[in-house]
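All remarks here apply to the structure that follows.
The values are calculated or read from the model by the stated rules, or taken from the named source; none is laboratory data. Just so you know, these numbers come straight off a predicted model, no measurement behind them. FYI the Cβ positions are ideal-geometry reconstructions off the backbone, even for glycines, and counts take in every protein chain you see.
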Amino acid sequence: MTVRTVALYDQDCGLCERSVAWLEPRVRDVEFVGMQSQGEQNESLVIRSGSTEWHGELAVAKVLRMARARRWRAVGTVLSWWGVRHLARPVYRWVANHRAQISARMGWQACRVRP
């Protein structure tokens, strides 16, 4: 029995939409499903596989480890290393908290989420 892997992302966010558009053709066996922000403004990406969930920077690492290209799998592996993920966490949180402003400045659909 194959475990289904689902990537939930903020479909109201231009940055998130662009990220998923880049990821979809590069990863295998992941279904991307848009979710509307429901007050969880810090969670722009959640990966679910079976009964396990990854959030934030760990979700990014997980989805990259499922990439078709070895270089992206390597990036995902490095991002999951203890020291690297602790450095990636504040970067991910900053981007997640500012994704509406980033999207607006890039001219993409802006998130409805506001800090």
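Among 95, 60, which is the only one that is assigned to a helix (DSSP H, G or I), without any contact (Cβ under 8 Å) to a residue 40 or more places away in the chain and among the β-branched types (Val, Ile, Thr)?
Numbers: 95 fails: without any contact (Cβ under 8 Å) to a residue 40 or more places away in the chain.
Going through 95, 60 in turn, the sole match is 60.
Pick from 80, 49: which is more than 15 Å from residue 19 (Cβ to Cβ), touching a helix residue (DSSP H, G or I) at 6+ places or on another chain (Cβ under 7 Å) and not hydrophobic (A, V, I, L, M, F, W, C)?
Numbers: 49 fails: touching a helix residue (DSSP H, G or I) at 6+ places or on another chain (Cβ under 7 Å).
From the options 80, 49, the qualifying one is 80.
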Q | segment 95-109, subset of a type in the set (Gly, Ala, Ser) and within 8 Å of residue 13 (Cβ to Cβ), residue modelled with the highest pLDDT | A | 103
Q: Search segment 1-19 for residues being surrounded by 20 or more Cβ atoms within 10 Å (Cβ to Cβ) and among the aliphatic types (A, V, I, L, M), and hand back the single one that is nearest to residue 47 (Cα to Cα).
A: 7
Q: From (1) surrounded by 18 or more Cβ atoms within 10 Å (Cβ to Cβ); (2) without any contact (Cβ under 8 Å) to a residue 12 or more places away in the chain; (3) assigned to a helix (DSSP H, G or I), pick out the condition that doesn't hold for residue 54.
A: (3)
Q) How many of the residues making up segment 1-39 are of a type in the set (Gly, Ala, Ser), at pLDDT 90 or above and not in a strand (DSSP E or B)? A) 3
